[in-house]
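Worksheet: one structure, shown below.
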Amino acid sequence: GAVVSQHPSRVICKSGTSVKIECRSLDFQATTMFWYRQFPKQSLMLMATSNEGSKATYEQGVEKDKFLINHASLTLSTLTVTSAHPEDSSFYICSARDSDRVDEQYFGPGTRLTVT
Amino acid sequence: GIQVEQSPPDLILQEGANSTLRCNFSDSVNNLQWFHQNPWGQLINLFYIPSGTKQNGRLSATTVATERYSLLYISSSQTTDSGVYFCAVERDQAGTALIFGKGTTLSVSS
């Protein structure tokens, strides 16, 4: 099956700093990738849709200046949490679908961000 | 927007028991997937099932699109089946994001 990787798997940063999370599709190309966040014992909430070569589309209530998304190639999307605060601590998960197929989506293993 | 409701929210089983998890959705969908989230947070694809029935080992799923629900069956449950099971549907049109239900937390004891 298709594989999606994320890096780093876990990161701890100080309040006010920025953190970049990478999402890669390893064996397929993805025109579109998606970013979710998950708080403890809750479901996944869609943050934004990342489109290769164009601007991301953010869900209502998600600050686009705080969560910068760049989809520079067909296999890589990055999420940068800028000026992180403790309330940004969460589990961030990306997903992607093979551009040649319109069926299931595959998810990365997630990145656990802790802001101190 | 589309609503996804899962039931029950929690399920406790003895090893060897069977169970049925339900997912109701409020509008027609292009895609429906079932996932198992393991203790490390990884979402494991179980089924891509916008309609019909599929089986994979001890797991099977059925989606009745006209009635807007899907069922996930787990037979002869094992302790390794423990975790959170999510149903997710694709909103609007093909190629868009998945919207998740709140999940069913399954605990299987030996």
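Of note:
- A crude spin-label estimate for the pair residue B:79 and residue A:12, with each label 7 Å from Cα along the Cβ direction, gives 3.0 nm.
- Shown here for the stretch A:74-116: trypsin sites (Lys or Arg not before Pro) in loop regions (DSSP other than H, G, I, E, B) with at most 15 other Cβ atoms within 10 Å, namely A:101.
- Candidates B:26, B:77, B:51, ranked by Gaussian network fluctuation over chain B, Cα under 10 Å, top entry: B:26
- Each Lys and Arg adds +1 at its Cβ and each Asp and Glu adds -1 at its Cβ; summed about the Cα centre, the protein assembly as shown shows a dipole of about 400 debye.
- When the convex hull of its Cα atoms is projected in every direction, mean area for chain A (nm²): 6.9
- Prolate/oblate/rounded call for chain B, Cα gyration tensor, a/c under 1.5 rounded: prolate
- Charge dipole (Cα centre; +1 on Lys/Arg Cβ, -1 on Asp/Glu Cβ; no other charges) of chain A amounts to roughly 400 debye.
- Debye, to nearest 20: dipole size of chain B, +1 on Lys, Arg Cβ, -1 on Asp, Glu Cβ: 100
- Beta bridges assigned by DSSP with both partners in the stretch A:1-115 are antiparallel in approximately 90 percent of cases.
- Neighbouring partner chain Cβ atoms per residue of A:104-111, average, 10 Å criterion: 6
- FRET efficiency for residue B:27 and residue A:22, using Cβ-Cβ distance with R0 set to 45 Å, rounded to 0.05: 0.85
- Loop sites in the stretch A:34-116: GluC sites (Glu not before Pro), DSSP, at most 16 other Cβ within 10 Å: A:59, A:63
- Over chain A, Cα pairs under 8 Å with separation of 6+ residues give a relative contact order of 37 percent.
Read-outs throughout are calculated quantities, based only on the coordinates presented, and are distinct from any laboratory measurement. Everything numeric in this text was worked out from a predicted model, so none of it was measured. Ideal geometry is used to build each Cβ from the backbone, glycine not excepted, and the neighbour counts take in all protein chains shown.
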